[in-house]
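Notes follow once the structure below has been shown.
Quick note: the coordinates plus some simple rules give every number you see, no bench work behind them. Because the structure is a prediction, the values reported are computed rather than measured. Reconstructed Cβ throughout: ideal geometry from the backbone, glycine too, with neighbour counts over all protein chains shown.
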């Protein structure tokens, strides 16, 4: 039986007219249906707290478990950090065309909250205890933080932020972006399903460029969009988020099944226009994909993203049959000199054009959109169970687009 592990953040949630768990039972039934004819693993389902409370007022989200025969990994999400739960997310495996009942159940009087293996991580680490000398940070030691307003002294190669920016990973792959004027995303190829970012860059500022037991930095970004970096198409080239008044980066989620990096760019300037931008980068367990959600205070024309060019990796795209589409490359383009596939996955209705400049293959989105969501992903042949051929990579991407175009159906009873 074919199985597919993929990434989903938003699913349609229906409110059923019946009370599946009984009015006073404290047990909530949620039915999840796979509309596709292939099995899906590690489907991430989000339940909106307000939808749950509309059917089950008084539900205590601090003392629950999620079960479908056996306990399911779940996470309470407070994405706006206001101290109140916004969503409950859980992972589930679904057979082809199958429906499965999932239950939110109260913990027993002496029952402890379940713990789950950590399969995602997001972190941000900068030096403390040293001092700035011109634009270099001298001395000190790295300390993980949940937020950082980037100091004006900071630039590329300031030796201030561990691996030069925030990082996020799943059990399959890791990413980072440069938290400076470059604002480009890079890839950490992984040889293990364990979490590794907490150790990366601890033994030397850029030691991750050399192969390690855990993996390595596998992408040369240069002046390009790297993989999935946000930019704006101006004239005949892609401009990254280079000129801003200030940057603040936060880690709102660092959980077992979902983690997120949030960056606020104040005064992002593109040509003669300016806007504030919030960019959320999230990753789920069992997935290669990062979801990028962009919100602008003022619309900018021609938002774009893309993939670094490499003469060893031809570019290709989908057949246009699904609501979601992709632009991808495959070939011997990793810094380990082996096979690496990269892709941008986007809603077809948001596409203006696919183009290129000197450094990147570029996806340009419809102008004047204040909100935008897309995915990017990397598949390295050395990852656990890695994809080895372009044909398999294309099949994987086709299934990604099909699953995003026909998401699982969720009903709260």
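Points worth noting:
- For the chain, the longest principal axis of the C-alpha atoms and the axis of helix 390-405 are separated by about 50°.
- Measuring nothing but how far apart in sequence close Cα pairs (under 8 Å, 6+ apart) lie, relative to its length, the chain scores a relative contact order of 17 percent.
- Packing here is the average count of other Cβ atoms within 10 Å per residue, and on that basis the peptides 49-55, 234-240, highest first, run 234-240, 49-55.
- For the range 327-413: rounded, prolate or oblate by the Cα gyration tensor [a/c cutoff 1.5]: oblate
- Put simply, the Cα atoms of the range 167-321 extend 47, 37, 36 Å along their principal axes, the longest span coming first.
- Order by protection proxy (mean Cβ within 10 Å, highest first), peptides 310-319, 113-122: 113-122, 310-319
- Rounded Å value of the spacing that divides the Cα centres of the range 122-182 and the range 295-315: 24
- Residue order, fewest to most beta carbons within 10 Å, for 208, 38, 103: 38, 103, 208
- Per-residue ellipticity at 222 nm, computed for the chain from helices alone with -39500 (n - 2.57) per DSSP H run of at least four residues, works out to -1500 deg cm²/dmol.
- Per residue, the Cα convex hull of the range 16-119 amounts to 125 Å³.
- The Cα atoms of the chain cover 64, 52, 46 Å along the three principal axes, with the biggest extent listed first.
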